[in-house]
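Have a look at the structure below, then the notes.
Read-outs throughout are calculated quantities, based only on the coordinates presented, and are distinct from any laboratory measurement. Small disclaimer: the values here were computed from a predicted structure and weren't measured. Glycine gets a Cβ as well: all are built from the backbone with ideal geometry, and neighbour counts include every protein chain shown.
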Amino acid sequence: MSNLAEALSKTAAAHPHAIAFKLDDVELSYEQLDGASSLFAGHLRAQGVEPGDRVGLMLPNVPYFPVIYYGILKAGGTVVPMNVLLKGREVHFYLDDPKAEALYAWHDFGEDAAIGAEGTAAELTLVKPGEFEALLAAATPIEAVAARDDSDTAVILYTSGTTGTPKGAELTHGNLAGNAATCVEMFEFKPGDVIFGGLPLFHSFGQTCAMNAGIASGATVTMLPRFEPGKALEIIQRDGVTVFMGVPTMYVAMLHTEGAGEINSESLRFCVSGGASLPVEVLSGVEQLFGAKMLEGYGLSETSPVASFNQPKNPAKPGSIGTPIPGVEMKVVDDDAGDLPQGEVGEIAIKGPNVMKGYWNRPDATAEVMRGDWFLTGDMAKVDEDGYYFIVDRKKELIIRGGYNVYPREVEEVLYEHPAVMEAAVIGVPDETHGEEVGAAIAFKPGQSATADEIRDFLKERVAAYKYPRHIWFMDELPKTATGKILKRQIEVPADVSA
């Protein structure tokens, strides 16, 4: 029997006065976090929340987030983390689908939280500084963390829903505790480490790799509620960040921030990237800027999330997502889930203790992605002779131009090499002659520009004739998810696009 929250109790007993979370001048010690989360668990019990009940959590990266998260777990509940930018109708779905008993939402997002909670079983409580402390003061703390089994659901993480409605990945106490422990070992986390906490904690990457791994190791997580590259650079220097966790768009933004090269980054042991493919140009730029090794990894909400990494003890291969983490198996399969030989492009399948229990109340959707114990990711990759995986693209994003397969990632890699390009997304554009044509949406670096023809000429010299974009258009910035992943499905092709 194990509860993910036991990691907090153990660390609080061993390092009571160490700082668990900080937000600028506000600091929360492990002792304070442990005590506050036990009070919150007591509050939930008094509200009638039973072990197994679902509780919504809609907060930005503020110290109240771990208090509520671990409080729900201590009471035996299941956390349903929610993006703070969700609109009312989306909030309603996230509460109604798992039949949540309660929702704790940050006061700044109270309007959409209230609209969403209406007509559901969830009782809404707005989290406001001062009022929340009063709520805790009125509670009786629980004396012991609720007993849960490794196979009990700890968190329901809703996937972004690129097709249809979002699906809730059920992650168990065993899934999450195991994945956090692997991160601690892999990144060599220890008391005294300072982890950059700018990744949203409602998302699997920030939740496991920063929050849960940080707590399991006794490290400090220094928070940033809304990512700003200048502020992130300031935090690295101010707090002596030892491990920076980020997504590619964060690193791109910091690289192009004025004065980035002037900060003191000597404390950085390494930078970690995940959530989307990291262009090689960006990787080398960050290593040069910070003088720290960049480690790229891979995973999904459904895999808790970490599945593979360029691990510190092994040689890193730029452009690769590394090798499977300990205890996890990966392979590349064809459309019938049959194994493919090394070097051939196929879909990544994952098996291990990190793979979700299934999608909440969606046996049909679960059956679509599971082949026995193997989870089909929808990501296309190839594996080299050393067992390193290289993502080629999302299966669904593959462009088929006149019978030829074009993987957007490959073209995007070359676009990022152009000196004027800050961000690029390659998508398929319907075409009468070829079925699909290659299109590229581009955002320039500040003060830089190029014409569509100049971009095309640059690409023609570097990729096969069928791969370069015939359609090119420019945007001030590309649409992104809250976690900084470029949102290709929201990119519209202009009617007058150059071809």
Under 26 Å, Cα to Cα: Lys pairs in segment 275-413, sequence gap 8 or more or different chains: 23
Among the aspartates and glutamates, select those whose C-alpha is under 19 Å from the C-alpha of Lys87, and discard any that sit fewer than 8 residues away in the same chain. Asp96, Asp97, Asp108, Glu111, Asp112, Glu118, Glu123
Treat each spin label as a single point 7 Å out from the Cα along the C-beta direction, and report the Thr451 to Asp384 distance in nm. 3.9 nm
Determine, for Thr140, Thr208, Thr120, Thr481, the number of other Cβ atoms within 10 Å of each Cβ, and report the residues in order from fewest to most. Thr140, Thr481, Thr120, Thr208
Using θ = phi - 60° and the Karplus curve 6.51 cos²θ - 1.76 cosθ + 1.60, what whole-Hz ³J(HN,Hα) does each residue of segment 141-157 get, with Gly and Pro shown as x? x, 6, 8, 9, 5, 4, 6, 10, 8, 3, 8, 6, 6, 9, 9, 10, 9
If you plug each phi of segment 204-214 into the Karplus form 6.51 cos²θ - 1.76 cosθ + 1.60 with θ = phi - 60°, what whole-Hz ³J(HN,Hα) values come out, in order, with x for Gly and Pro? 4, 4, x, 5, 7, 6, 9, 5, 5, 5, x
Would you list which lysines come within 19 Å of Lys74, measuring only between C-alpha atoms, while excluding same-chain residues fewer than 8 positions from it? Lys10
Step through the residues of segment 233-245 one at a time and calculate ³J(HN,Hα) from phi using the Karplus curve (6.51 cos²θ - 1.76 cosθ + 1.60, θ = phi - 60°), rounding each to whole Hz and writing x for Gly and Pro. 5, 4, 5, 4, 6, 5, 9, x, 4, 9, 9, 9, 9
Leu487 versus Asn361, label points 7 Å from Cα toward the beta carbon: distance in nm? 2.5 nm
Computed helical MRE - 222 nm, the chain, DSSP H runs ≥ 4 contributing -39500 (n - 2.57), nearest 500: -8000 deg cm²/dmol
Plugging the Cβ-Cβ distance of Ala420 and Asp334 into 1/(1 + (r/R0)^6) at R0 = 35 Å yields, to the nearest 0.05, a FRET efficiency of 0.35
If amide H atoms are modeled at 1.01 Å from N in the peptide plane, then the residues at a separation of 5 or more from Leu124, or on another chain, having amide H under 5 Å from its own are Leu103
In nm, what is the difference between 0.36 nm times the number of residues separating Asp149 and Tyr404 and their Cα-Cα distance? 86.9 nm
Here are labelled values, [x] 1.00; [y] 1.12; [z] 0.97, and one is the computed Rg/Rh (Cα atoms, Kirkwood Rh) for what I pasted. Which one? [z]
Expressed as a whole-number percentage, the relative contact order of the chain with C-alpha contacts under 8 angstrom and at least six residues apart is 11 percent
Amide H neighbours of Ile472 at under 5 Å, excluding residues fewer than 5 places away on the same chain, with H built from the backbone geometry, are Ala440, Ser498
